[in-house]
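The values are calculated or read from the model by the stated rules, or taken from the named source; none is laboratory data. Model, not experiment: these values are computed from the prediction. Virtual Cβ from ideal backbone geometry, glycine too; neighbours counted across all protein chains shown. Just so you know, the surface numbers come from the protein's heavy atoms only, side chains and all, with ligands and any DNA or RNA stripped out. Shrake-Rupley method; radii C 1.70, N 1.55, O 1.52, S 1.80 Å.
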Amino acid sequence: MMKRIATGIRVILTLTLGGLSVPLMSQQLAMEIINGGVDDAELILQEYLKPFANILGSDLNAGWYNTARPHELGGLDVTATVSWAKSPVSALTYDLGTLNLNGTVDGGQSTIAPTIAGSQDVRPSIAYTETVDLGSGNLQEIEYSHITVPDGAGVDFFPLPMAQLTVGVPFGTDISARFIPSIGYKDYGEIGLWGVGGKHSVSQWLPFINKLEFLDISLQGGYTKVSSSVHVTVEPQSIVEVDNYPGFDWDDQFVTQKVEGWTVNLIASQTLPVISFYEGIGYASSRVELLMEGHYPIQMVILDDTSPDFGKVTYEITENPIELKYKNFNNLRLNVGARIKLGVLTLHYDFTYTLYATQSVGLGISFR
């Protein structure tokens, strides 16, 4: 029996960890927008990455349960779940014209740009210029940066796999744990995940419900945190004329993210032979923090009229230039699903309506 349990756990973890390579490869971000200045880059990234933050926040709060019935004392299950939230059509683009940028969208171009969930073959470009007085009223407009906004992945969902262990403890209660140690994939970056949750039977305290053996009602809650780090490379553009940092090593640039999700739900399930149905209603919240870490070149025009390089394009180095935060609190969460149990093997599927619509599928081994 223990050998069967160990084999099942090993298979589930292999499937879960293997699935993480896909989101890691999809996160190769084009961060050259920082060349035009920190303020504009922050405004653009806030809109560009918003669907990803909302998708991941929705994913983290999914997959916690597939029945309201707690385990018997000492019972356990190990389940691998993949959840994927889908962004709405309205989240596939954003309007640069509403962002109050310092740069100027090139004349004649549309100001509509893709978010990370969308994609456009032709995207707006932004020019950054400085007007310089070269003397005798000779004003010249000098372009010091020119960028095309980043394209999206063209994928409006993000699958998040995870493994979960649940153990039955006294008083009709389950304790669950999620944990994936930080793992890397080639030179793309790394990702790690952990979470804790619990489920407590409410129906055991309600005699008129407790008599209905097929019906269970429980209170459930969970907290999950995922962190990842993706390597990027941003160097000065070829437009730079004066390089005060020749040979500078730009290899310390990373985009790191920390995502937290927590949820509280009242759930019910109806257990029939082989198949069970479950429903839940509650609240879900998430918080995403994104940091650009390392050293980045910010381009500009030399305005010191005593310098021999007056009016030429150069850059300065800025460390850890951007910190973004996305917060979604107290979103109504509605959930329905079904589970099939064949001996110790379980299969489940559910649909959740919250900030973004989320689906989950899972495979597990369960011992009561």
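Please indicate, with yes or no, whether at least one residue in the stretch 203-214 is assigned to a helix (DSSP H, G or I) and closer than 23 Å to Arg333 by Cβ. The answer is yes; a qualifying residue exists. Across the stretch 238-279, the number of residues qualifying as part of a loop (DSSP other than H, G, I, E, B) and charged (D, E, K, R) comes to 5. Only one entry of Trp84, Trp64 meets the criterion of being closer than 17 Å to Phe158 by Cβ, among the hydrophobic types (A, V, I, L, M, F, W, C) and either open to solvent by 10 Å² or more (accessible area, probe 1.4 Å) or at pLDDT 95 or above (or both), and that entry is Trp84. Right, Ile217: under 30 Å from Phe277 (Cβ atoms), in a strand (DSSP E or B), touching a Ser or Thr at 6+ places or on another chain (Cβ under 8 Å) and open to solvent by 80 Å² or more (accessible area, probe 1.4 Å) or not? For Ile217, the condition - under 30 Å from Phe277 (Cβ atoms), in a strand (DSSP E or B), touching a Ser or Thr at 6+ places or on another chain (Cβ under 8 Å) and open to solvent by 80 Å² or more (accessible area, probe 1.4 Å) - is not met. All of Tyr278, Tyr296, Tyr315, Tyr283 fail the test of being of a type outside the set (S, T, N, Q), within 21 Å of the chain's Cα centre (by Cα) and modelled with pLDDT of 95 or more, apart from Tyr283. The criterion of at least 3 residues that are open to solvent by less than 30 Å² (accessible area, probe 1.4 Å) is met by the following strands (runs of 3 or more DSSP E) wholly inside the stretch 100-200: 125-133, 139-148, 157-169, 173-185.
Would you point out the residue of the stretch 222-255, among those that are open to solvent by less than 40 Å² (accessible area, probe 1.4 Å), more than 17 Å from Glu289 (Cα to Cα) and under 28 Å from the mean Cα position of the chain (by Cα), that is modelled with the lowest pLDDT? The qualifying residue modelled with the lowest pLDDT is Val232. Out of Leu43, Leu49, Leu60, one residue alone is free of Cβ contacts under 8 Å to residues at least 60 places away in the same chain and of a type outside the set (S, T, N, Q). It is Leu43.
Condition check ((1) within 20 Å of the chain's Cα centre (by Cα); (2) among the hydrophobic types (A, V, I, L, M, F, W, C); (3) within 18 Å of Ile33 (Cβ to Cβ)) across all residues:
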site: Ile112; (1), (2), (3): no, yes, yes
site: Gly118; (1), (2), (3): yes, no, yes
site: Pro124; (1), (2), (3): no, no, yes
site: Ala127; (1), (2), (3): no, yes, yes
site: Val132; (1), (2), (3): no, yes, no
site: Asn138; (1), (2), (3): no, no, no
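Across the stretch 42-61, the number of residues qualifying as touching a helix residue (DSSP H, G or I) at 6+ places or on another chain (Cβ under 8 Å) and surrounded by 23 or more Cβ atoms within 10 Å (Cβ to Cβ) comes to 3. Taken residue by residue, the stretch 91-101 has no member that is hydroxyl-bearing (Ser, Thr, Tyr), under 18 Å from the mean Cα position of the chain (by Cα) and under 26 Å from Pro161 (Cα atoms).
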